[in-house]
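Each reported figure results from applying straightforward, stated rules to the coordinates on display, with no laboratory input. It should be emphasised that the depicted structure is a prediction, and the values quoted were computed from it without experimental measurement. Here the Cβ is made from the backbone with ideal geometry for all residues, glycine too, and neighbour counts use every protein chain on show.
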Amino acid sequence: MSPGKVLQPAVKMKVDELFLCWLSQPATQLTLKDCLRRIKNKEKTEFGNADSGNSKNESFTSKNSNSKQCILRDTRLPLMSFSPPQLSTTLPLATPANSRNISNVRGTRRSSGTKEVSLLDIRFICLNGTEFCVCAYVGKCRGKYRVGAEEIIAKYLQDVPSVNKACECPLYWKGPLFYCAGGERTGYVSVHKFVAMWRKVLQTCYDDAAKFVHLLMNPGCNYLVQEDFIPFLQDVVNSHPGLSFLKEASEFHSRYITTVIQRIFYTVNRSWSGKITCNELRKSNFLQNVALLEEEPDINQLTDYFSYEHFYVIYCKFWELDTDHDLYIDRKDLARHNDHAISNRMIERIFSGAVTRGRKAQKDGKISYADFVWFLISEEDKKTPTSIEYWFRCMDLDGDGALSMYELEYFYEEQCQKLDNMAIEPLPFEDCLCQMLDLVKPQHEGKITLHDLKQCKLTNVFFDTFFNIEKYLDHEQKDQFSMLRDGEGESQDVSDWEKYAAEEYDILVAEEAASDQWNDGYEAELNPVDHQKASVLKYQMEKRPFFEMPSHLADVDLDEYDYDEDFE
């Protein structure tokens, strides 16, 4: 300790500790409830009859009437509406009045010279704001007054905006904040634990990316794996207004969460390591999209990660191929995608493990739904960095980091066979090779590197030429100027994947509407007994694709995503 520094007693911490101890007593809880009831009914409030210890509280109140009156003036109206935690069906949004209360409290604390969010800040926010958070649960979670942990967590996650505002965090950081402070284990968070956790975050993390990783990561790690996102995304599913319809369809939860996790790693994890670092998170737009969750009520507008329509398209496409509905598909299943458009040699490469994880699935000769998410996005948008890397890995047979002329000829041979079967004369390989070299313009003669493809604006044309016969023929029917115009449209707001997802979703909706219309017309001709049977059959057919889905957070199976070994 420096000679000039003077020790000061931590009176404030002791006062806070005593306050929490008093607030956690069952007698105190009963007294507060009785007082609130009396205030609500405009009855006279008496403090002396609650318990023997309240005489001291009364004398303490008389000695500190001025300070207490100041607090009561701010807390009376919100406290009148308080009730024991109950599970709400909708996420309450902060009103302008709430914002004013929070800003006033924080402004008072700042005027006293305290810049960081302190213990009393959190406590005053809990008392003054309309959201009854953190310390309100300390007393209700002990002894016979303890309620269910799930109910407490749900109540906290709905009432937490004031704490998020105090910490200057986006709304949907509420789950990570609560879980990192120990709420998932205990069912509640004390003020001391929360402040200690947040103080550590502020001392070790200097930007939002580092804070987010710290809140979600496992102890001892400095990165995020796929399982770390499950509690965060489950909270989004439970509380975002754009996903409110899923509350009664819990069988969709795990598949939606799996889809979003795969899209996060597809876009953010540029190292393909299966571990998202702070640096990768900083370079991505993921945290910006998390912040937009609070502002955008329509989840489908967040097309980068969270769109439900995109999930619907991906899962329906997978379900068409998964004939036995075990959430795994084999080579024959994947070959049926888009009417056998993908070459068999490319399918063999996909199942070889070049772009898939999970040794168990590879041994069985199958890929999981998570692998299919990567495949479909890469197949429909071959211009993104991840999709270019995806197909480059598949075509690089010897793994030397370059595509040789032999490797290109290997894939083009099957394309020629398909064209012959369609009675279409294929272009000789030498001529095709010249076209592709002119298209890519490789830096080194005789080989095409990953860097060369990333510099090319028509990588979709290059890849489709060698393993997608349908798209190859589509490109052949276009004139060169239209293809160049498409390539120059790199800066367009709508990506190829977004176009595909929007078109497919409209098709699926139209097919569903036509099916319903046909069923309605057919049911009108049935007698009451047959009508009832048809209704049951229709319900089973509609619900069947999702019966096998786990409905609880803990049932989300990500065991097939094994990242113990480096992917590079």
Restricting to Cα pairs under 8 Å and 6 or more apart, the percent relative contact order of segment 310-496 works out to 21
Please rank R185, R37, R345, fewest neighbouring Cβ atoms within 10 Å first, as an exposure proxy. R185, R37, R345
Rounded, prolate or oblate: which fits segment 281-394, taking a ≥ b ≥ c as square roots of the Cα gyration tensor eigenvalues, rounded meaning a/c under 1.5, else prolate when a/b beats b/c? prolate
